[in-house]
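Shown next, in structure tokens, is the structure this report addresses.
The values are calculated or read from the model by the stated rules, or taken from the named source; none is laboratory data. As the structure is a prediction and not an experimental result, all values here were calculated from the model. Cβ sites come from the backbone with ideal geometry, for glycine too, and all protein chains shown count toward neighbours. What goes into the accessible areas is simple: the full protein's heavy atoms, side chains included, and nothing from ligands, DNA or RNA. Shrake-Rupley method; radii C 1.70, N 1.55, O 1.52, S 1.80 Å.
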Amino acid sequence: MTENMISLPTSPVHNQSRFDSRMHHSTAAAIRTPRRFGALVGAFALIALAPPVGATTGTSPLPHTDPSGAQWVGRFDVGLTPWQEIRLKSGQRPNTFKFVQWEGVRAVEVISQASMSLLARPISVDLKATPALCWRWRIGASLSQADMTRREGDDYAARVYVSFRLPPASLGLGLRAQLSVARAIWGPDLPDAAINYVWDNRQPIGTIRPNAYTDRAQMVVQRSGDQDAGRWVWERVDVLRDVTRLFGPGADPVQLAITADTDNTQSGARSGFADFHFVPGDMPCGQPHK
């Protein structure tokens, strides 16, 4: 396997001094209301879903559409623009990302050692035209100590985030207020919701449950255990179907992110990701168009 270290722009999601100041002023009332304070704590999980600094849905680079109609959003044979690393909080050990040629696949390798950071890009995709997301990934092994039902076990050998803006009318008054407080702390690009497609260690494929920190992020077990470890496997998910049943109609994807996540369990993982593309519902996944 040939490899190259990736030189990436990094984008902390919040500035620590801004965070400290806004947390002090913005949560005084929330602390008096346990439910709202719980939402603010849960927003830590959504920090990871915010589009990179300087990126908005109005300026997101359009996916590359090939003659077959596939919209490529992760062709790592053509470089990383506009992907960038997001480091979530000060002092947290980040992952290591590498370009690799891995068993004939041009990919990004993620090395995670009691660490967490994301490789992310803004997207703008018409889910009505191209509702299915395809990609291939691999892991060395699942995380034996992980447990998606508990905060201290909320780690995965591989995870793919798709985050969304939702129609304002679909958000209740209380939720809009909670998101407003969260955005005052972490910035206006905090999304409304996210789906995480994960490679778990124990839950059955097809399991869907809220993230251990917030129900604004829903976890979908796409692979589980070690049966498929050590090789590339293709995935195809119907993002339009999933987001509609989990959060309602009218969602717009705003970001795609990939990572391995081992900070809670203090464990290690090695995973690879390649060939992300959206396709029409009647079109198969495929190789990059040459």
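Here are the numbers:
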item: Residue match in segment 155-163 (condition: under 18 Å from LEU118 (Cβ atoms), in contact with a Pro (Cβ under 6 Å, 6 or more places away or on another chain) and hydrophobic (A, V, I, L, M, F, W, C)); result: yes
item: Residue list for segment 125-146, filter: open to solvent by less than 30 Å² (accessible area, probe 1.4 Å), over 28 Å from ALA114 (Cα atoms) and not in a strand (DSSP E or B); result: VAL125, LEU127, THR130, PRO131
item: Options TYR161, TYR213: the member that is buried (at least 20 other Cβ atoms within 10 Å of the Cβ), of a type in the set (Ser, Thr, Tyr) and under 16 Å from the mean Cα position of the chain (by Cα); result: TYR161
item: So ASP282, is it open to solvent by 50 Å² or more (accessible area, probe 1.4 Å), without any contact (Cβ under 8 Å) to a residue 40 or more places away in the chain and among the charged types (D, E, K, R); result: yes
item: Unmet criterion (only one of (1) surrounded by fewer than 20 Cβ atoms within 10 Å (Cβ to Cβ); (2) part of a strand (DSSP E or B); (3) β-branched (Val, Ile, Thr)) for VAL110; result: (1)
item: Meets criteria (open to solvent by 10 Å² or more (accessible area, probe 1.4 Å) and either touching a helix residue (DSSP H, G or I) at 6+ places or on another chain (Cβ under 7 Å) or at negative phi (or both)) for ASN201; result: yes
item: Residues (among the acidic types (Asp, Glu) and open to solvent by less than 20 Å² (accessible area, probe 1.4 Å)) located in segment 68-107; result: GLU85
item: Residue list for segment 220-259, filter: of a type in the set (Ser, Thr, Tyr) and under 30 Å from GLN145 (Cβ atoms); result: SER224, THR259
item: The listed residue being in contact (Cβ under 8 Å) with a residue 12 or more places away in the chain and closer than 22 Å to ASP200 by Cα, out of PHE276, PHE247; result: PHE276
item: Within segment 229-245, tally of residues that are crowded, with 18+ Cβ neighbours inside 10 Å and either closer than 19 Å to ALA169 by Cα or in contact with a Pro (Cβ under 8 Å, 6 or more places away or on another chain) (or both); result: 3
item: Number of the condition not met by LEU173 [criteria: (1) modelled with pLDDT of 85 or more; (2) open to solvent by less than 20 Å² (accessible area, probe 1.4 Å)]; result: (2)
item: Filtered residue count, segment 221-239, keeping only those that are touching a Gly at 6+ places or on another chain (Cβ under 8 Å) and either without any contact (Cβ under 8 Å) to a residue 40 or more places away in the chain or not in a loop (DSSP other than H, G, I, E, B) (or both); result: 2
item: Residue match in segment 86-97 (condition: among the polar types (S, T, N, Q), under 30 Å from THR244 (Cβ atoms) and assigned to a strand (DSSP E or B)); result: no
